[in-house]
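Written below as structure tokens is the structure these notes are about.
The values are calculated or read from the model by the stated rules, or taken from the named source; none is laboratory data. Everything numeric here is computed off the predicted structure, so don't read it as measured data. Heads up, the Cβs are rebuilt from the backbone with ideal geometry, glycines too, and the neighbour counts pull from every protein chain shown. Ligands, DNA and RNA are stripped out before the accessible areas are found, and what is left, the full protein with its side chains, is counted by its heavy atoms. Shrake-Rupley method; radii C 1.70, N 1.55, O 1.52, S 1.80 Å.
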Amino acid sequence: MANLTINGKAFDVDVEPDTPLLWAIRENAGLTGTKYGCGIAQCGACTVHIDGVAMRSCGVLVSEAVGKQITTIEGLAADGALHKVQQAWIANDVPQCGYCQSGMIMAVAALLKEKPKPTDADIDEAITNICRCGTFQQAREAIHAAANA
Amino acid sequence: MNHMPRLNRRAFVVGTAAAGAGLALGLDLPFGGPTVVRAADGSPEVNAWVVIRPDDTVVIRIARSEMGQGTLTGLAQLVAEELECDWSKVTTEYPTPGQSVARKRAWGDFSTGGSRGIRTSQEYVRKGGATARMMLVQAAANEWKVPVAECTAANSVITHTPSGKTTTYGKVVEAAAKLEPPADVKLKDPKDWKIAGKGLKRLDTED
């Protein structure tokens, strides 16, 4: 049994300590906005914030996340208002199929906290999420839009 | 229990198929034109691609599947460009594969894949829009009894330039739907496009 804090709420999850955090988020906490893509921390579909840092939750053990603040896409909006990255995503019609996008949005939200006005080079370096539909250019436009919002 | 009536109906349909065309034509003669095809809400089709409602709403038929790639909006833009309609009044609908078969593939290829949706149908959907526009303008010219060459269309409004008279697509669509489609349809030069090829807000996503 492990106690996780996800989006400010406590969850007692009955899993082995070496269970991937992604599993606990999806299966135990029931928060399915975070997606399973590759399972080897390469694609970024499962990105969440752990103590404010973007992490690929398939590669994080439940035991490593205990006692930390975990934020998923469901917890990104604050006080009923969508995060500015979410708003920019909608305004720029970024998603195609949408599967990778919650992870991408989480990665971008973390980037903008660190670098409020990222350059294209900053984006290339920090946002390595893989989008099979190829929405990278729309994502780039939306990142700049969110930075300037 | 339903077996016999169904058989009877089928026998009736098959048996009268040959006479059907003549019968339909006979029925149409008093009204002096071809049968108008109607959408489910009763609004007339100008052709397979374009339905216009009396309130000027334009329904553009989309024969490719939208899966987030934006084809639905892109194809609607191509039709709307040639139709010269008000983009804010455009909605879309999908014909079903069954309707496609029943209407002898009026919408062409129904397949979606390989980035072909727009590439391989852009010309005939533009022609669909242009044909509908010509019929709508012709209907207005007929009503005004003026040469069609003196009339122009923009933003769903038809104008008779010498007199300044105007009407809208929604007002002439019933008459336009009864006209024969023109044989010679010219498409706009892409450099004059105002709607097609532009990064407009998608029609299929929520605000």
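Annotations for the structure displayed:
- A:GLU141 within 26 Å of B:THR73 (Cβ to Cβ) and among the acidic types (Asp, Glu): yes
- Restricting the first member to the stretch A:66-85 and to residues that are in contact (Cβ under 8 Å) with a residue 60 or more places away in the chain and closer than 21 Å to A:LEU21 by Cβ, and the second to residues that are part of a strand (DSSP E or B) and of a type in the set (A, V, I, L, M), the beta-carbon pairs closer than 6 Å and six or more apart or on different chains are A:VAL66/A:ALA2; A:LYS68/A:ILE50; A:ILE70/A:ILE6; A:ILE70/A:VAL48; A:ILE70/A:ILE50; A:THR72/A:VAL48.
- Residue selected from the stretch B:47-90 under the condition out of contact with any helix residue (DSSP H, G or I) (no Cβ under 7 Å at 6 or more places or on another chain) and closer than 16 Å to B:LYS171 by Cβ, by the criterion surrounded by the fewest Cβ atoms within 10 Å (Cβ to Cβ): B:ASP86
- Filtering the stretch B:54-94 to residues that are touching a Pro at 6+ places or on another chain (Cβ under 9 Å), assigned to a loop (DSSP other than H, G, I, E, B) and more than 21 Å from A:ASP93 (Cα to Cα) leaves only B:ALA63.
- Among the residues of the stretch B:30-86, those identified as among the charged types (D, E, K, R) and on the phi < 0 side of the Ramachandran plot are B:ARG38, B:ASP41, B:GLU45, B:ARG53, B:ASP55, B:ARG61, B:ARG64, B:GLU66, B:GLU81, B:GLU82, B:ASP86.
- When we screen A:GLY37, A:GLY59 for residues that are away from every other protein chain (no Cβ under 14 Å) and closer than 30 Å to B:LEU203 by Cβ, the only hit is A:GLY37.
- Pairing residues of the stretch B:51-70 that are within 14 Å of chain A (Cβ to nearest Cβ) and closer than 11 Å to B:GLU93 by Cβ with residues that are of a type in the set (Asp, Glu) and open to solvent by less than 20 Å² (accessible area, probe 1.4 Å), at Cβ distances under 9 Å and at least 6 apart in sequence or on separate chains, gives no pairs at all.
- Some residue of the stretch A:111-126 being of a type in the set (A, V, I, L, M), touching a Gly at 6+ places or on another chain (Cβ under 7 Å), under 20 Å from A:CYS46 (Cβ atoms) and more than 13 Å from every other protein chain (Cβ to nearest Cβ): no
- Condition broken by B:GLY22, with the remaining ones in (1) more than 14 Å from B:LEU203 (Cα to Cα); (2) at pLDDT 90 or above satisfied: (2)
- Considering the stretch B:34-46, and only residues there that are open to solvent by less than 30 Å² (accessible area, probe 1.4 Å) and not in a loop (DSSP other than H, G, I, E, B), the residue that is farthest from the other protein chains (Cβ to nearest Cβ) turns out to be B:PRO44.
- Search result, residues across the stretch A:115-140 that are farther than 30 Å from B:GLU66 by Cα and either in contact (Cβ under 8 Å) with a residue 40 or more places away in the chain or touching a strand residue (DSSP E or B) at 6+ places or on another chain (Cβ under 9 Å) (or both): A:ALA126
- Any hit, the stretch B:161-170, residues being hydroxyl-bearing (Ser, Thr, Tyr), within 14 Å of chain A (Cβ to nearest Cβ) and open to solvent by 20 Å² or more (accessible area, probe 1.4 Å): no
- Selection within the stretch B:187-207 - of a type in the set (Gly, Ala, Ser) and more than 9 Å from chain A (Cβ to nearest Cβ): B:ALA196, B:GLY197
- Residue pairs meeting the criteria (Cβ under 8 Å; at least 6 apart or on separate chains; first farther than 18 Å from B:GLU66 by Cα, in the stretch B:81-102; second of a type in the set (Val, Ile, Thr) and not in a strand (DSSP E or B)): B:GLU81/B:ILE195; B:TRP87/B:ILE195; B:LYS89/B:THR57
- Residue ID - farthest from the other protein chains (Cβ to nearest Cβ), chosen from residues in the stretch A:86-110 that are out of contact with any strand residue (DSSP E or B) (no Cβ under 9 Å at 6 or more places or on another chain), in contact (Cβ under 8 Å) with a residue 12 or more places away in the chain and surrounded by fewer than 17 Cβ atoms within 10 Å (Cβ to Cβ): A:ALA91
- Boolean, B:GLU150 is at pLDDT below 95 and surrounded by fewer than 16 Cβ atoms within 10 Å (Cβ to Cβ): no
- Residue count for the stretch A:116-144, restricted to those that are surrounded by 16 or more Cβ atoms within 10 Å (Cβ to Cβ) and among the basic types (Lys, Arg): 1
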